[in-house]
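Asker: Handing you this structure, nothing more for now.
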Ligand code: FAD
């Protein structure tokens with residue numbers, strides 16, 4: 001038999017259920033393929049840094065595959081309809097009997113997979129899908145009336161009950177007979193702009209990703225619950241880019257985090273981190289259960305009645321990190337430079353755009369996607385909808401983040417702010433915490449923008465917008 005492993009957002013050899021199953025029978029021949037559709041990437045607003053991150057990981061994967069005796073192919077196509085033809089043609093040319101892959105949950109990608117499956121079936125070729133980028137099959141985590149959960153709390157309860165009884169298994173890296181060939185890289189440059197990323201923060205390769213995960217679980221995880229919100233402390237795992245393209249699996253993350261602390265529920269240090277993996281899982285299950293999320297729509301119907309102000313000057317200032325609120329501006333500068341910011345800063349900056357500048361969350365969602373190295377549709381869309389109170393959050397009041405309070409709380413010494421806003425380096429911290437008054441007085445000296453809106457006033461306007469929209473519910 002000849003099997004084809006079709007890589008997508010699962011660029012790893014270890015704990016890759018699809019690959020493991022394809023390689024189970026040593027007598028079978030296994031081929032690997034990765035296909036890129038730059039036009040679709042463009043439509044998805046993929047960032048140039050993420051494109052580079054994918055590119056480097058495909059090169060690395062192709063080498064790793066060669067070492068374990070699997071031939072790797074790379075193709076670039078113009079559209080999803082060409083992609084469908086390509087997969088069928090490839091299978092027929094190489095006499096493939098079965099295709100193995102891990103599911104993607106975005107609507108267009110799922111639809112494309114179903115079409116390919118139908119076409120392959122006509123040719124007696126089977127498609128075998130796996131939930132390799134999740135902890136659990138979304139069809140197994142449902143409410144009593146068999147719906148996908150919309151409320152995180154109930155979802156989390158269910159997941160914890162499952163985590164407690166599930167015996168997870170890490171699928172080992174397959175090994176096959178060495179290829180009798182000289183290694184030649186078959187990955188060509190993408191027809192998509194690429195931009196270098198910081199390899200000290202995000203080193204390339206599966207081995208490095210696993211090492212980074214291990215180091216985090218050995219050294220930082222215990223302090224995570226205390227420090228994760230303080231950007232100057234860099235106490236997060238920085239693993240999101242690897243999870244988003246599947247260099248790591250969530251199962252590997254979960255099992256590594258409990259290696260030393262089996263009783264993870266009683267251990268709040270470790271559990272707080274696992275809780276974040278559950279958020280990731282939640283947003284993917286939501287996307288799978290509610291395809292409207294892939295179609296630019298909100299989970300709440302009344303959302304479409306919100307009359308966003310969409311002031312493009314404000315939006316531009318936000319993107320550039322020139323709002324006059326140092327914590328927001330530093331966050332946006334870091335996002336633009338590194339392609340990554342921690343969760344607290346994502347919440348602060350996103351909240352500011354939606355609830356203070358009254359700009360439609362979709363514009364922010366797209367901008368984040370175009371900059372993030374870890375851009376992941378489900379987490380990004382889920383995060384933006386949560387922050388704008390139009391998604392899965394069921395808190396009865398509308399939450400907001402006051403950028404001045406957040407700054408005092410999470411960057412009191414302004415170390416983080418000063419590392420991204422060099423013009424503030426010599427400004428005393430009490431001025432940074434009172435940007436409106438102090439910084440205006442010293443405007444000429446420090447040349448820092450006066451804030452473009454006043455938080456409290458704009459937030460009240462947002463409440464009005466949302467109350468009006470909700471009347472249509
Ligand atoms: P850690 O804090 O170490 O957490 C470990 C892992 O858990 C992360 O790598 C990530 O996979 C997952 N995780 C953590 N927090 C969340 C969360 N709130 N929601 C979902 N998963 C989470 N995450 C992305 O991976 N891609 C995105 O495009 C993305 N966009 C976001 C947009 C907004 C507006 C918000 C509020 C959050 C977004 N997140 C996104 C979630 C989160 O901010 C990042 O996953 C996290 O900051 C990544 O840093 P880390 O790897 O150090 O995470």
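The values are calculated or read from the model by the stated rules, or taken from the named source; none is laboratory data. A quick note: this is a predicted structure, and the numbers were derived from the prediction, not measured. Don't worry about glycine lacking a Cβ; one is built from the backbone with ideal geometry, like all the others, and counts go over all protein chains shown.
Asker: Looking only at region 320-331, filter to residues that are in contact with a helix residue (DSSP H, G or I) (Cβ under 6 Å, 6 or more places away or on another chain) and assigned to a helix (DSSP H, G or I); which one of those is farthest from the ligand (Cβ to nearest atom)?
Answerer: Going through the qualifying residues, I end up with 326.
Asker: Would you call residue 81 outside the structural domain of residue 337 (by TED's automatic domain parsing), assigned to a helix (DSSP H, G or I) and either surrounded by fewer than 17 Cβ atoms within 10 Å (Cβ to Cβ) or at positive phi (or both)?
Answerer: Answer is yes for this residue.
Asker: Restricting to region 219-251, name every residue that is assigned to a helix (DSSP H, G or I), more than 11 Å from the ligand (Cβ to nearest atom), farther than 26 Å from residue 58 by Cα and in contact (Cβ under 8 Å) with a residue 40 or more places away in the chain.
Answerer: Quick first cut of region 219-251, residues assigned to a helix (DSSP H, G or I) only: 219-227, 231-233, 240-244, 250-251.
Still in the running and more than 11 Å from the ligand (Cβ to nearest atom): 219, 222-223, 226, 232-233, 251.
Next, from what is left, pick out any that are farther than 26 Å from residue 58 by Cα: 219, 222-223, 226, 232-233.
Hits for region 219-251 are 222, 223, 232.
Asker: Next up: Any idea which of (1) modelled with pLDDT under 95; (2) in contact with a helix residue (DSSP H, G or I) (Cβ under 9 Å, 6 or more places away or on another chain) is the one residue 67 doesn't satisfy?
Answerer: Going through (1) modelled with pLDDT under 95; (2) in contact with a helix residue (DSSP H, G or I) (Cβ under 9 Å, 6 or more places away or on another chain) one by one, residue 67 breaks only (2).
Asker: Quick one: residue 348 ticks every box in (1) surrounded by fewer than 19 Cβ atoms within 10 Å (Cβ to Cβ); (2) in contact (Cβ under 8 Å) with a residue 24 or more places away in the chain bar one, so which box is it?
Answerer: (1)
Asker: Sticking with this one: What's the number of the only condition in (1) more than 9 Å from the ligand (Cβ to nearest atom); (2) crowded, with 21+ Cβ neighbours inside 10 Å that residue 404 fails to meet?
Answerer: Going through the list (1) more than 9 Å from the ligand (Cβ to nearest atom); (2) crowded, with 21+ Cβ neighbours inside 10 Å, residue 404 breaks only (2).
Asker: With outside any helix (DSSP H, G or I) and touching a residue at least 40 places away in the same chain (Cβ under 8 Å) as the only criterion, which of 95, 146, 156 stands out?
Answerer: Going through 95, 146, 156 in turn, just one is outside any helix (DSSP H, G or I) and touching a residue at least 40 places away in the same chain (Cβ under 8 Å): 95.
Asker: What are the residues in region 284-312 that are under 30 Å from residue 417 (Cα atoms) and touching a residue at least 12 places away in the same chain (Cβ under 8 Å), if any?
Answerer: 308, 309, 310, 311
Asker: Okay, moving on. Quick one: would you say residue 277 is under 30 Å from residue 65 (Cα atoms) and touching a helix residue (DSSP H, G or I) at 6+ places or on another chain (Cβ under 6 Å)?
Answerer: Details: under 30 Å from residue 65 (Cα atoms): yes; touching a helix residue (DSSP H, G or I) at 6+ places or on another chain (Cβ under 6 Å): yes.
Against the criterion (under 30 Å from residue 65 (Cα atoms) and touching a helix residue (DSSP H, G or I) at 6+ places or on another chain (Cβ under 6 Å)), residue 277 qualifies.
Asker: State the number of residues belonging to region 350-369 that are more than 10 Å from the ligand (Cβ to nearest atom) and closer than 29 Å to residue 11 by Cα.
Answerer: Going through region 350-369 one residue at a time, the tally reaches 3.
Asker: Take residue 274 and tell me if it is within 11 Å of the ligand (Cβ to nearest atom) and in a helix (DSSP H, G or I).
Answerer: yes
Okay, residues lined up against (1) over 30 Å from residue 341 (Cβ atoms); (2) touching a helix residue (DSSP H, G or I) at 6+ places or on another chain (Cβ under 9 Å); (3) in contact (Cβ under 8 Å) with a residue 24 or more places away in the chain:
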site	(1), (2), (3)
28	yes, yes, yes
43	no, yes, no
50	no, yes, yes
56	no, no, yes
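Asker: Could you go through region 370-385 and let me know if any residue there is within 12 Å of the ligand (Cβ to nearest atom), modelled with pLDDT under 95, buried (at least 23 other Cβ atoms within 10 Å of the Cβ) and not in a helix (DSSP H, G or I).
Answerer: No.
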